[in-house]
Amino acid sequence: MLQNGLEYPLYYCMWRKVEEGEHGLSKLDLAKQMLLMLREHVSCRLWIAMDRWYLCKNFFVFLMENKFDWVTKAKRNTALFRIVKEPGRRDRFIPVSARQLIKETYKSLVAKGSSGLTAIALADIYMKLPYPATGRKGQPTVKHRFVPIAAVVATRLKEDEESAAAAEEGQDSLATYKGAYLIISNRHDVPKQALEVYGKRWRIEVFFRTAKQELG
């Protein structure tokens, strides 16, 4: 950020979509490359706020292995689980859809008020993430484990206020219910902060809009 308030990306590249039959870096590959470049200069823990296109479990694992925390919007097909604890019995993980979580919380969300951003954090929500393991015969394999995540139902986000200026592509693929969304993050311990970080993602859309309008 310059002294006059202008913001621009520290690392960015113009990505050319690979044509059929060609080989090249995917958007995920490019994202990993840029984040590792950043890691060469910064060692502290950092947040990554991203749109739903980057919702990929292997990418989440990469981020956490490199001291990055992530936050994004859930999709309709995002596989989530709710833990059920019963005395004397083993904990059970019950599949639950993002839309179902939003729908269950919506009445309480509306009751909180009608002005400004409103949000409710949900407890005991998990996601299955892959990890490398060794099979019975010693061969390398991939297993999955349940990992707690932050799940925040929110409405009246910054991008909704300015949706007419820059509508998000693939909106139908997002998990929504009457204008509410589900924000998910690995930082289950600070759901409120995760939502605040996601709100800053809108600056990316503002930069794209300005670049297209002013730079052609």
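The values are calculated or read from the model by the stated rules, or taken from the named source; none is laboratory data. Note that this is a predicted model, so its numbers are computed, not measured. Don't worry about glycine lacking a Cβ; one is built from the backbone with ideal geometry, like all the others, and counts go over all protein chains shown. Please note that ligands, DNA and RNA were not included when accessible areas were found on the heavy atoms of the full protein model with its side chains. Shrake-Rupley method; radii C 1.70, N 1.55, O 1.52, S 1.80 Å.
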- Item | First in region 39-52 and small (Gly, Ala, Ser), second anywhere and in a loop (DSSP other than H, G, I, E, B), Cβ under 9 Å, 6 or more apart | 43/67; 49/200; 49/201
- Query: Among the residues of region 1-37, how many are open to solvent by less than 70 Å² (accessible area, probe 1.4 Å) and assigned to a helix (DSSP H, G or I)?
  - Reply: 8
- Out of the residues in region 45-65 that are open to solvent by 70 Å² or more (accessible area, probe 1.4 Å) and out of contact with any strand residue (DSSP E or B) (no Cβ under 8 Å at 6 or more places or on another chain), which is farthest from residue 203 (Cα to Cα)? 65
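Matching residues to (1) modelled with pLDDT of 95 or more; (2) farther than 30 Å from residue 32 by Cβ:
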{"site": "64", "(1), (2)": "yes, no"}
{"site": "75", "(1), (2)": "no, no"}
{"site": "81", "(1), (2)": "yes, no"}
{"site": "84", "(1), (2)": "no, yes"}
{"site": "118", "(1), (2)": "no, yes"}
- Item | Matching option when the condition is open to solvent by 40 Å² or more (accessible area, probe 1.4 Å) and at pLDDT 90 or above, among 149, 125, 94 | 94
- Residue that is least open to solvent (accessible area, probe 1.4 Å) [pool: residues in region 66-91 that are aliphatic (A, V, I, L, M) and over 20 Å from residue 159 (Cβ atoms)]: 80
- Are there any pairs, at least 6 apart or on different chains, whose C-beta atoms fall under 9 Å, with the first in region 91-109 and among the acidic types (Asp, Glu) and the second open to solvent by 90 Å² or more (accessible area, probe 1.4 Å), and if so, which? 91/85
- Query: Before we move on, is residue 110 out of contact with any helix residue (DSSP H, G or I) (no Cβ under 8 Å at 6 or more places or on another chain), part of a helix (DSSP H, G or I) and open to solvent by less than 50 Å² (accessible area, probe 1.4 Å)?
  - Reply: no
- State all residues of region 70-104 that are in a helix (DSSP H, G or I) and within 14 Å of the chain's Cα centre (by Cα); if no residue qualifies, say none. 98
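Can you pull out every residue in region 38-65 that is within 30 Å of residue 153 (Cα to Cα), not in a helix (DSSP H, G or I) and not aliphatic (A, V, I, L, M)? Write out each step before concluding.
Kept after step one, since they are within 30 Å of residue 153 (Cα to Cα), are these residues of region 38-65: 44-65.
From what is left, the residues that are not in a helix (DSSP H, G or I) are 44-51, 55-56.
Matches in region 38-65: 44, 45, 47, 51, 56.
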